[in-house]
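What follows draws every value from the coordinates through simple rules; no lab data is involved. Note that this is a predicted model, so its numbers are computed, not measured. Glycine gets a Cβ as well: all are built from the backbone with ideal geometry, and neighbour counts include every protein chain shown.
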Amino acid sequence: MSERASDSATGVKQEQVPSAKKERYDPEEYQLRKRLPARLPSRPNDVYVNTKTNFKAQLARCFKCLETSNSIHIHGLGAAAPKAINLALQLQLKSNTPLEHSVTTSTVHLIDDFEPQYDSGDFYSKERQNSAVHIKVYKLINMDMDRK
Amino acid sequence: MTDNKYKMVGNVPSDISVVRFATVRAQEIVALTKMIENPQTTKLIFQKLPCHMRRRAMSHNPNRMPRLLREAHKSQMAKSGPALKPKRPRRKYRRRPSRLLEEYKKRSSKMSWLETHLWHAKRFHMTAKWGYRLPEKSCARGHRFCHRSVAEHCLLVDISYLCCIEIQGPQNAIIHELAPLCDPKTGPTFGASSFLNGTREGRVTIFQKNSFSRGPIGLVTFLWRHGETPDMRTLWIWCHPAFYEQFLVELNSSYGSNSDSLIEQIKIKITLNKGKLNRFRLRGPLAHSVISNLLDKEIRKVFIASQSPGFVAGVDVRDPRMILPQSRVKEHTSVPSQCETVITSRSRLWDASVRDQIAQVRTSFPDYVVNGRRSQLLVPGSELPLQPEEIPIPLLIVNASHESSDFVPGCDVIFPAGWATAFWLALIYSGGHAGGLKDVESMNFEYRICSDLCLEVDSNAGKTAAAEQKVKLMEDYFRKPPKTRTNFIKLATPFPFSIDWNRLLIDWGYQVEQGFTVLRDKKLLNTLSLNKQNLLSEFTFSYPHLVAVTIRLKHGSPRDFSMICIPKMDDKFNSPINEPIHQDPGAKERKILRQQHSSQLKSLAKKRKESRSSDDKVKDFCSDAVIAIHKEKMRSLWLPPSCNLKTSYVRPVIGFVTKGDFGLSEGKGIGRGYIVIRSVPQISASLVLVRNPGTSLYMWAEIALC
């Protein structure tokens, strides 16, 4: 019944628990720390969207990337997914060149660490999933059909 | 003709007696041979050489003389006094690293050097602190570059000046003795079950024995050894050198106060590992990738996957000099992959004998031998295959734990003494950016991490540091001419150089004979931050506590020693509020004093002149004492007088900012400071006013309990 796995290097628990018996943690006993998702390599045409930065600034950044490369990948995780979608659509609206988009979704594994606030508790972690959206926005390359 | 020629020889006898001839001539012969053998010439040997054999250099170099005459020449040169002192070697030769180390050994009694000192000294501005010469800030890289290193790459700091204390003994005895030193309400302590098996590093604030109401000694980190039985355990405590002495005194008193029989039963042993271990700190998203370059290929994959904060990993690595890349590489993130194998926390580093053995290897297998072998490799810059003299070096890699709401990934590397330069170069070449004390301070300011390297404001060490800073700032202030000094009296700044917390607490109605502390109780802090002050009893409010806060401004940024004030009820948000200029009663007095002083100096000078001309040396009209007295009086007239902080200004002061600047991580002005606990209920809507020292404008800011 216990959700706590042995304290290992990755700190991930091994068993699944039925949702009816989910143990809530006492905020006085533990502090929840969300671990950052694993950092993915970011090529120059990758844009990761977050909820804190100004929307206009992120839009400007997308335009800047589009100047140099033909396609741009927009990633949004969890609460930033609607913002990422909004960004992609605004990009299409406001751009001079015609743009197409293609969307995929994925699941990202996140780990939460529970840090004990007092002597009695123990470190443990829980894994949870979150959804992410990846939008590829690309310029249409003109195929010259008139050439003989 | 011929007769004349032979006339002279007429008296010559026809035969001579040889013996008679010789006896008479013997004296002449003896005299002549004497003269030949003992020349009493005034000429030196080299002057009697024929012209074509004389050389210019033979005046100082006897090797230019013919061999047979060399000895005699040398003795003649010696007679003319000692030779010139040997030529001082050129600057480049004098500054070679081996000679510098010899120099250092001569002067190392007061100041200790870190092992990486020579590398840092060429690239950093150094300071002397806590008995060590430490790098302060980089000569070439600016403040923003170092901030970017923490935010995006990897910052590397040498923190080997942290002192390690090893305690060995039965587990219960150790915990029992250390319990009075830490307050369980502030968080997990030495005996917390999560740290006992040695897979995680813990941090705890230590106080003087059983006196949690007075200030703490400081923040220390500790590590138990993994894989031991409860009868015999080892505990490492890492503490800052500023309060190392104080901590040792506390430890000795707690262990020494037992009766002798108990000590024999319990057998607790304390060893000071001060110079025996080195520690580097890496902070930044790429920290794990940089470290993984030191590891073997198989361990590398496992390591990248294991990034649990606070986790301790013990690994064995090859000698880093073998795998040093040929030039610096920029580090990239590597994608962590799923891995089945697990890194253990067990390490051979805890064994003192292993550490000594490894320190031996460093001297027996020196750098130039390694470099010689590497130069003979076919492909330049490739890894050296396993050498017979190599032994694997045990490392402890401690992942960074959560210290505040912001988390900066990173790790600490601990390894035996003697290997700092080798590991440092390997990490720098793998993409780490070196940092100094200023970068540590900036990390603490921006993200509130690395708090074990910074001193608490209510501890003795912190107060000493603040006093030193005050002296320095005052000297800088008084060095300016009076016309360009900011007049802190007129601009109503009570504490321009350091903050007097006692004064603040007295003005808010507390008694501070016992001293004050910063509130660290987690439960109370939680209730305060959730705005449930009515749940707290009056008792907590009656105790002189300070609460740590963060203030954020939209426009502008606070400075050090800024005042935090509460707005009045009817103050509208974002309305400009100004402090009127106060009267400076000291101005008149200063003017009179200045005139008096100059006239006094003139009269003393006159008297000195008179006494000189009248040859009456009875009195000494020295003006040094007068100048010293005048200087003290003038300085005290320039400093603002102490006044009631609640009532003297337009808005009541509730606290001060200890460190304020533009926060690069957030993009707005941030101040980290402390306020009086009694003022917390009076803050409405988390809005306060901030006034920078030497200014009159009150800026609106948001306050948050951190």
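So if I take the centroid of the Cα atoms in the range B:470-512 and the same for the range A:75-105, what is the distance between those two points in Å?
Computed from Cα coordinates, the inter-centre distance equals 55 Å.
How far apart, in nm, are two points set 7 Å out from the Cα along the Cα-to-Cβ line at residue B:464 and at residue A:71?
Taking the simple label geometry, residue B:464 and residue A:71 are separated by 6.3 nm.
Rank the residues B:699, B:443, B:474, B:53 as a footprinting-exposure proxy: fewest other Cβ atoms within 10 Å of their Cβ go first.
With the sparsest Cβ surroundings first, the list reads B:53, B:474, B:699, B:443.
Rank by packing, highest mean first: peptides B:13-23, B:680-690, B:232-242, with packing defined as the count of other Cβ atoms within 10 Å averaged across residues.
My ranking of the peptides, most packed first, is B:232-242, B:680-690, B:13-23.
Expressed in nm², what is the orientationally averaged projection area of the convex hull enclosing the Cα positions of the range B:601-706?
For the Cα atoms of the range B:601-706, the hull's average projected area reads 12.2 nm².
Take the alpha-carbon centre of the range B:646-706, take the same for the range B:216-252, and report the distance between them in whole Å.
Taking the Cα centre of the range B:216-252 as reference, the centre of the range B:646-706 is 36 Å away.
Mind checking the full-extension length gain between residue B:105 and residue B:37? Use 0.36 nm per residue of separation minus the Cα-Cα distance, one decimal, nm.
18.9 nm
Between residue B:132 and residues 5 or more places away or on another chain, which pairs have amide H atoms under 5 Å apart, with H built 1.01 Å from N, and which residues are they?
B:112
Show me the ranking of peptides B:278-291, B:64-77, B:150-163, B:486-499 by mean Cβ neighbours inside 10 Å, starting with the highest.
B:278-291, B:150-163, B:486-499, B:64-77
Which entries of B:122/B:631; A:83/B:568; A:52/A:126 show an alpha-carbon separation above 28 angstrom in the structure shown?
B:122/B:631; A:83/B:568
Can you tell me the 0 to 90 degree angle between the C-alpha axis of helix B:18-37 and the longest principal axis of chain B, rounded to 10?
Taking Cα atoms only, the helix is inclined about 20 degrees.
Mark the label point 7 Å from the Cα of residue B:16 along Cα→Cβ and return the residues of the range B:27-56 whose backbone N is within less than 17 Å of it.
From the range B:27-56, the list is B:27-32.
Between residue A:57 and residue B:581, what's the calculated FRET efficiency when r is the beta-carbon distance and R0 is 45 Å? Round to 0.05.
0.65
To test your reading of the geometry: what angle, between 0 and 90 degrees and rounded to tens, separates the Cα axis of helix B:586-613 from the longest principal axis of chain B?
20
Compute the angle between helix B:143-152 and the longest alpha-carbon principal axis of chain B, please, reported from 0 to 90 degrees and rounded to the nearest 10.
In chain B, helix B:143-152 runs at an angle near 60 degrees to the longest axis.
Per residue, what volume in Å³ does the convex hull of the Cα atoms of the protein assembly as shown enclose?
It comes to 473 Å³ per residue, whole-number rounded.
Hey, with R₀ at 41 Å, roughly what FRET efficiency would residue B:375 and residue B:132 work out to, going by the Cβ-Cβ distance, to 0.05?
Calculated value: 0.70.
For the range B:200-209, just list the computed ³J(HN,Hα) in residue order, Karplus coefficients 6.51, -1.76 and 1.60, θ = phi - 60°, integers in Hz, with x standing in for Gly and Pro.
Result, ordered by residue: 9, 9, x, 9, 8, 8, 9, 10, 6, 4 Hz.
Of B:252, B:295, B:600, whose Cα points farthest to the positive end of the dipole of chain B (charges on the beta-carbon: +1 Lys, Arg; -1 Asp, Glu; origin at the Cα centre)?
Going by the Cα projections, it comes out as B:600.
Please work out the C-alpha center-to-center distance from the range B:38-106 to the range B:281-331 and express it in whole Å.
So the separation of the two Cα centres works out to 57 Å.
Collect residues whose amide H, placed 1.01 Å from N in the peptide plane, falls under 5 Å from the amide H of residue B:274; neighbours closer than 5 in sequence don't count.
B:164
How well do other chains shield peptide B:180-187, expressed as the mean number of their Cβ atoms within 10 Å of each residue Cβ?
For peptide B:180-187, the averaged partner shielding equals 2.
Give the average, rounded to an integer, of partner chain Cβ atoms located within 10 angstrom of each Cβ in B:596-606.
Partner Cβ neighbours, averaged per residue: 0.
In what order do B:36, B:654, B:703 fall by count of nearby beta-carbon atoms within 10 Å, going from fewest to most?
With the sparsest Cβ surroundings first, the list reads B:36, B:703, B:654.
Roughly speaking, what is the stretch gain from residue B:685 to residue B:197, that is 0.36 nm per residue apart minus the C-alpha to C-alpha distance, in nm to one decimal?
Residue separation times 0.36 nm, minus the Cα-Cα distance, leaves 171.2 nm.
Simple spin-label model, 7 Å along Cα-to-Cβ: residue B:391 to residue B:367 in nm?
2.3
Within a 10 angstrom radius of each residue's Cβ in A:116-126, how many Cβ atoms of other chains show up on average? Whole number is fine.
Taking all residues of A:116-126 together, the mean is 6.
Output the peptides B:419-432, B:175-188 sorted from most to least packed, where packing is the average of other Cβ atoms within 10 Å over each peptide's residues.
My ranking of the peptides, most packed first, is B:419-432, B:175-188.
Lysines within cross-link reach of residue B:588: Cα-Cα under 16 Å, excluding same-chain residues under 8 positions apart?
Within the straight-line limit of under 16 Å, residue B:588 reaches these lysines: B:483, B:490, B:633.
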